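The next block holds one structure in the form of structure tokens; read it before the comments.
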Amino acid sequence: MVVNGAPVKVDVMVAETSHEVYVDIILSTIREAAKKRGTGIAERTHDYVAQKMKEGKAIIALTEEEFAGFSYIESWGNREYVATSGLIVPEKFRGMGIAWRIKQASFALARQRWPHAKVFSLTSGGAVMKMNTQLGYRPVTFAELTDDESFWRGCERCVNHDVLVRTERKYCICTAMLFDPLVAHTPHSGVVGDGSQV
């Protein structure tokens, strides 16, 4: 990969305790991206993200010197559902396929940890929807997601939470997408529908 004219190696790995030093930059990058897009985001705390790293439930992308991307997973509803969340790549590293590598890694981690669980994602981003589709997710109604109240409480910190409340948790700004391991899926390449790399 080339960043600012120089070759850069980006490693994508399961995060661990030593990666807690990146939590604040991860959270500020997520906030800035949501602000730029004009969409809501369920805010997470430093401790919450650090805990995901300690539990081996996060994927991080790093160059030798910089944070280049992140995502985390969490199980809900007695491990019947797993959410892949918080996918972010700093602007300078976008368009290099890093988001796709992180998405594949977080999906693989979710499937490895909970092979029988349904994997879901809530997103307002078109690129994430394309990646989810490539991995075999399909758009669903919110009713097909977990009814675990702990998950839905996370949405309370999103600026669009009122939409979710007004529609009695039927609709929101985000699109719900679900991978069901009991449904046959077609493997996809790393190329999105328009032929470009994610």
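Every number here is computed from the coordinates shown, using simple stated rules; none is lab data. Owing to the predicted nature of the structure, the values given are computational and were not obtained by experimental measurement. FYI the Cβ positions are ideal-geometry reconstructions off the backbone, even for glycines, and counts take in every protein chain you see.
Placing a label point 7 Å from the Cα of His46 along the Cα-to-Cβ direction, the residues of the stretch 8-32 whose backbone N falls under 18 Å from that point are 16-32. Each other residue within a Cβ distance under 11 Å of Ser85 adds +1 if Lys or Arg and -1 if Asp or Glu, for a net charge of +2. Rounded is the label for the stretch 33-137, because the ratio a/c of its alpha-carbon gyration tensor axes (a ≥ b ≥ c) stays below 1.5.
Counting only Cβ charges, +1 for Lys and Arg and -1 for Asp and Glu, the dipole size of the stretch 11-138 around its Cα centre is about 700 debye.
Pairs of Lys residues in the chain, spaced 8 or more positions apart or belonging to different chains, with C-alpha separations under 22 angstrom: 19 in total. Each Lys and Arg contributes +1 and each Asp and Glu -1, all at the Cβ; summed about the Cα centre of the stretch 50-90, the dipole is approximately 240 debye. Candidates [x] 46, 32, 28; [y] 50, 37, 31; [z] 50, 33, 33; which is the computed Cα extents along the principal axes in Å? Correct label, based on the coordinates given: [y].
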